[in-house]
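Structure first, commentary second.
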Amino acid sequence: MVAQNDVRRPTSKAGSGDVACPACHQANLKIFYEADDVPTNSCILLDTEAEARGYPRGDMKLGFCAACGFVFNAAFDPKKTEYSGRYEETQAWSGTFNRFHKALAERLIEKYDLRGKDVLEIGCGKGEFLMLLAELGAIHGVGIDPGVRLERITGPAADRVKFIADFYSEKYGDHKVDFLACKMTLEHIPNPEQFVSTVRAGLGDQTGTTVFFQIPEALRILRDCAFEDVYYEHCAYFTPGSLARLFRRTGFDVLDLQVEYAGQYLTVEAKPRKVGSAPSPTLALENDLSEVADLVSTFSSRCEAKFSPWRKRLETAKRDGKRVVLWGSGSKAVSFLTRLGNGDLVECVTDINPYRHNHFMPKTGHRIVAPQDLVGIRPDLVIVMNEVYEPEIRQSLKDMGLMPQVASL
């Protein structure tokens, strides 16, 4: 993460009242989606139902920049969000995710010959990816994240990796590295041009360093009306085109763009551009500006049309005395419950991450239970928050002798 004192709300151009795009500074903005009174964090561990129900709220006003294609929450206030040791975001308890994560680490190690090299990861979370690189590629690493938990860093490669519980800022720009990673972090930063420029300035004349960023893929969100992937912490939404334009504008050459993990993740691989060099040529995946403009114009109405059948399905289940459980207690579940409004339609929320058990969902106050607790609850309908995990969830239910109806968002 970028330092909290370095983030600012999008500004208005003098005399116009138009909000300036924080990615390109143009004022050609269209607000296309609004949601009020939403929890300002989705992954904070909340100890009591009362704390969860009283958790801070904020508003969302998604704006589309017609100049560069960037989508952002024009109402975002960084002072309302928290990134600390009680931010519990890890996906490392999923076999599905771990297989993807390992394959990604192996690909990058081979592609960029990272064995024995120096790696910096910004926004390293609980350190799983950096530790994978250390274990598989014998890298020497530094991870920076305000939510890192040092007591959870274990394994034979731990002595080759240093973790810093802090926000990334200019003071860490003196690290000489062969590879810089920043996964699932840029979407949390309200001033992305400022942040990526800070990264570029820190690299200085290290034009041989490869930079790898991974973020949620916003074109899928817009196409599929993935309302569950729109929430307060994610104030910045990038498509391949808007991401590539940002990196070129801040002094990088874009080497590759990829969409991964069932279309949910967008990655960019880049190198610092040498001073005086021409920008790298555009890639085919970048040509999405007109499509994004079309999609945002109908996004709000399409989201409601997609969610309405879910609301009716849960209302029917409640009327029939059926028990509904959400599987997955992270951001998607927070978005689903917030949009649903009536928390009584859902019995509880479950998650395989043991660190989240016996905590509570923000705003609605639902308890997060262990999957094993479902044996006593006997759900009739399990709604999977991310369809990528449906096969392993079905297997878990089968292993527990449960046969509920299963449906994915």
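Of all the residues in segment 171-193, those that are surrounded by fewer than 19 Cβ atoms within 10 Å (Cβ to Cβ), charged (D, E, K, R) and in contact with a strand residue (DSSP E or B) (Cβ under 8 Å, 6 or more places away or on another chain) number 2. The listed residues are Arg160, Arg200, Arg223, and the only one of them that is in contact with a Lys or Arg (Cβ under 9 Å, 6 or more places away or on another chain) and either surrounded by fewer than 22 Cβ atoms within 10 Å (Cβ to Cβ) or free of Cβ contacts under 8 Å to residues at least 12 places away in the same chain (or both) turns out to be Arg200.
Among the residues of segment 61-118, those that are among the charged types (D, E, K, R) and in a loop (DSSP other than H, G, I, E, B) comprise Asp77, Glu82, Arg86, Glu88, Glu89, Asp113, Arg115, Lys117. Residues considered: Ala75, Ala134, Ala105. Of these, the only one that is small (Gly, Ala, Ser), surrounded by 21 or more Cβ atoms within 10 Å (Cβ to Cβ), free of Cβ contacts under 8 Å to residues at least 40 places away in the same chain and in contact with a strand residue (DSSP E or B) (Cβ under 8 Å, 6 or more places away or on another chain) is Ala134.
With respect to (1) under 30 Å from Asn28 (Cα atoms); (2) free of Cβ contacts under 8 Å to residues at least 24 places away in the same chain; (3) acidic (Asp, Glu), the lone exception for Asp320 is condition (1). Would you confirm, using the coordinates I've provided, whether Leu314 is of a type outside the set (Phe, Trp, Tyr), crowded, with 19+ Cβ neighbours inside 10 Å and under 20 Å from the mean Cα position of the chain (by Cα)? Taking the combined requirement at face value, the residue does not satisfy it.
Within segment 392-406, does at least one residue satisfy the condition of being buried (at least 22 other Cβ atoms within 10 Å of the Cβ), in a strand (DSSP E or B) and out of contact with any Pro (no Cβ under 9 Å at 6 or more places or on another chain)? Among the residues of segment 392-406, not one is buried (at least 22 other Cβ atoms within 10 Å of the Cβ), in a strand (DSSP E or B) and out of contact with any Pro (no Cβ under 9 Å at 6 or more places or on another chain), which makes the answer no.
The single residue among Leu255, Leu266, Leu326 that is under 30 Å from Gly54 (Cβ atoms), in a strand (DSSP E or B) and either small (Gly, Ala, Ser) or in contact with a Ser or Thr (Cβ under 9 Å, 6 or more places away or on another chain) (or both) turns out to be Leu326. Residues considered: Thr338, Thr298, Thr350. Of these, the only one that is β-branched (Val, Ile, Thr) and within 28 Å of Ala103 (Cβ to Cβ) is Thr350. Screening Tyr55, Tyr33 for residues that are in a loop (DSSP other than H, G, I, E, B), surrounded by 15 or more Cβ atoms within 10 Å (Cβ to Cβ), more than 18 Å from the chain's Cα centre (by Cα) and aromatic (Phe, Trp, Tyr) leaves exactly one candidate, Tyr55.
Filtering segment 273-298 to residues that are in contact (Cβ under 8 Å) with a residue 24 or more places away in the chain and either in a loop (DSSP other than H, G, I, E, B) or in contact with a Phe, Trp or Tyr (Cβ under 6 Å, 6 or more places away or on another chain) (or both) leaves Arg273, Lys274, Ser277, Pro279, Ser280, Thr282, Leu283, Asn287, Asp288, Val296. Scanning segment 366-386 for residues that are part of a loop (DSSP other than H, G, I, E, B), at negative phi and not aliphatic (A, V, I, L, M) yields a total of 4.
Looking across segment 148-170, the residues that are part of a helix (DSSP H, G or I) and within 25 Å of the chain's Cα centre (by Cα) come down to Leu150, Glu151, Arg152, Glu170.
Considering segment 243-286, and only residues there that are of a type in the set (D, E, K, R) and within 19 Å of the chain's Cα centre (by Cα), the residue that is surrounded by the fewest Cβ atoms within 10 Å (Cβ to Cβ) turns out to be Glu260.
Any read-out appearing in this document is the output of simple, stated calculations on the displayed coordinates, not a laboratory observation. These numbers were taken from a predicted model, which means no experiment stands behind them. Glycine also receives a Cβ, built like all others from the backbone with ideal geometry; neighbour counts cover every protein chain displayed.
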